[in-house]
Amino acid sequence: MDRIDLRSDTVSWPTPDMRRAMAEAPVGDDVYGEDPTVNRLEALAAEKLGKEAGLFVASGTMGNLVAVLAHCGRGDEIILGDRAHTHIYEAGGISALGGVHPRPVSVQPDGTLPLDAIRRAIRPVDVHFPRTRLIALENTQGTVGGIPVPKSYIDAVGEIAREHGLKLHIDGARIFNAATALGCPVAELVAAADSVTFCLSKGLIAPVGSVLVGSRAFIDEARRARKILGGGMRQAGILAAAGLIALEKMTLRLDEDHAHARMLAEGLAEMPAIEIDPGRVMTNMVFFALREEAGMTAPALAERLKAYNIWMMARDDRGFRAVTHYWIRREHIAQVLDAIRKELS
Ligand code: TLP
């Protein structure tokens with residue numbers, strides 16, 4: 001990449017290997033189910049996540065929306081985090097296009113939704129109420145700092161879902177980061193879920209795409225929902241070819257990104273004008289804030305860092321989120337720390 005870009009892992013460019021694989025990918029018409037590269041990607045994704053089938057979709061947002069459309073009907077309700085990506089950053093798609101009612105539950109600092117709050121949110125049968133159909137979790141939970149949510153918690157939510165005849169979906173945009181941080185095989189981590197979306201285009205750095213996995217019957221339904229949304233792509237093997245490399249190779253190196261995030265956090269913690277808890281940096285996200293004594297706002301610092309070819313995203317007046325990925329190397333972390341130290345001194 002041509003800059004040190006910590007705004008997100010979504011900004012990462014594909015590797016030369018990926019570009020080569022894309023150019024050479026065998027293709028067919030995926031709406032006819034005839035694209036061999038897409039078929040390989042969907043099968044591999046399902047196998048890795050321990051589910052029966054997979055569906056290649058254009059984005060994480062589309063994966064979550066298609067999942068909700070396949071699980072729920074109009075007027076049904078979904079229990080999800082009040083700071084979940086699906087609730088905040090997906091343009092209200094589940095309501096706008098699915099007629100699905102969100103029932104937000106407060107996301108805790110450890111990325112979980114309290115189990116008793118989930119239980120309380122499940123509607124009794126009553127003509128006045130929407131029908132609860134689905135519980136959705138996010139892993140890693142982005143808005144609280146990329147916190148990995150452990151298998152024991154997901155299993156407990158799965159138990160509640162089963163008791164009440166509900167389905168469990170996981171927005172696993174960064175599920176491989178979670179699995180790496182927890183040292184838990186990804187299939188075990190999501191065993192209790194009926195469906196999982198994960199992204200190829202974040203820490204796994206493919207240029208485009210996500211995969212939704214679940215039972216074969218669920219994926220058949222999801223394929224229909226994807227068609228309704230105009231997401232039936234044709235020679236999509238061109239994109240899936242990069243996704244295969246993402247899934248086969250990039251899932252194996254995420255601990256490097258996590259180590260770089262920790263390195264950044266530890267360096268920032270030594271600066272008096274910065275507020276950070278390095279203990280909360282568990283995957284590839286670093287949340288920190290400028291104290292009053294920094295003498296400048298986060299957007300102002302972000303602007304100044306561009307002079308060093310460093311791009312970072314201010315979350316508000318004081319707060320930042322920095323995200324490490326494949327193109328952020330050890331020496332870049334030192335450069336970022338030097339630049340911030342200089343600007344704040
Ligand atoms: N997240 C983006 C922004 O939209 C905030 C980012 O830079 O982190 N689930 C989660 C947990 C996500 O973080 C994102 C993207 C999505 C879903 C949506 O994925 P895309 O962008 O592929 O639609």
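The values are calculated or read from the model by the stated rules, or taken from the named source; none is laboratory data. The structure presented is a predicted model; accordingly, all values stated were derived computationally and were not measured. Virtual Cβ from ideal backbone geometry, glycine too; neighbours counted across all protein chains shown. Side chains included, ligands, DNA and RNA excluded: accessible areas come from the protein's heavy atoms. Shrake-Rupley method; radii C 1.70, N 1.55, O 1.52, S 1.80 Å.
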Item to check | Rg(Cα) / (2.2 N^0.38 Å) computed for segment 42-181, rounded to two decimals | outcome: 1.00
Item to check | Exceeding the 20 Å Cα-Cα cut-off - candidates LYS151/LYS249; LYS48/LYS227; LYS48/LYS202 | outcome: LYS151/LYS249; LYS48/LYS227
Checklist entry - Given segment 129-197 reduced to its alpha-carbon atoms as identical point scatterers, what log10 I(q)/I(0) does the Debye formula return at q = 0.21, 0.27 Å⁻¹? => result -0.80, -1.19
Next on the checklist: Let me check the size of segment 219-345 from its C-alpha atoms; what are the radius of gyration and Dmax in Å?
Outcome noted: 19.1, 58
Checklist outcome for this item: Largest-first ranking of HIS164, HIS258 by accessible area, probe 1.4 Å, whole protein assembly kept, is HIS164, HIS258
Item to check | segment 253-344 - percent of accessible surface contributed by carbon and sulfur, probe 1.4 Å | outcome: 47
Item to check | Table column - 3J(HN,Hα) (Hz), segment 17-25, Karplus curve with 6.51, -1.76, 1.60, x for Gly and Pro | outcome: 4, 5, 4, 5, 4, 5, 5, 9, 5
Checklist entry - In units of 2.2 N^0.38 Å, what is the alpha-carbon radius of gyration of the chain? => result 1.01
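So if I place +1 on the C-beta of Lys and Arg and -1 on the C-beta of Asp and Glu, and nothing else carries charge, what would the dipole magnitude of segment 277-340 be about its Cα centre? I want it in debye, nearest 20.
On the way: 9 positive and 8 negative charges, 48 e Å.
Dipole magnitude for segment 277-340 comes out near 220 debye.
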Checklist entry - Under the definition of Cα pairs under 8 Å and six or more residues apart, what whole-number percent is the relative contact order of the chain? => result 24
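Where the only charges are on Cβ atoms (+1 Lys, Arg; -1 Asp, Glu), what is the dipole of the chain about its Cα centre, to the nearest 20 debye? The partial results should precede the final answer.
Working: 40 positive and 44 negative charges, 86 e Å.
Result for the chain is approximately 420 debye, rounded to the nearest 20.
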Next on the checklist: Quick check for you: with a 1.4 Å probe and neighbouring chains kept, what is the accessible area per residue of segment 225-345, in Å²?
Outcome noted: 46
Checklist entry - In the chain, what percentage of the DSSP-assigned beta bridges are antiparallel, given to the nearest 5? => result 50
Item to check | Relative packing of 24-32, 101-109, 66-74, which averages over residues the other C-beta atoms within 10 Å, highest first | outcome: 66-74, 101-109, 24-32
Item to check | Of all accessible heavy-atom area on segment 1-154, the percent that carbon and sulfur account for (1.4 Å) | outcome: 53
Item to check | Positive-end residue of THR86, MET22, ALA46, charge dipole of segment 1-95 with Cβ unit charges | outcome: THR86
Checklist outcome for this item: Of all trypsin sites (Lys or Arg not before Pro) in segment 287-328, the ones in DSSP coil with at most 14 other Cβ atoms within 10 Å are ARG291, ARG315
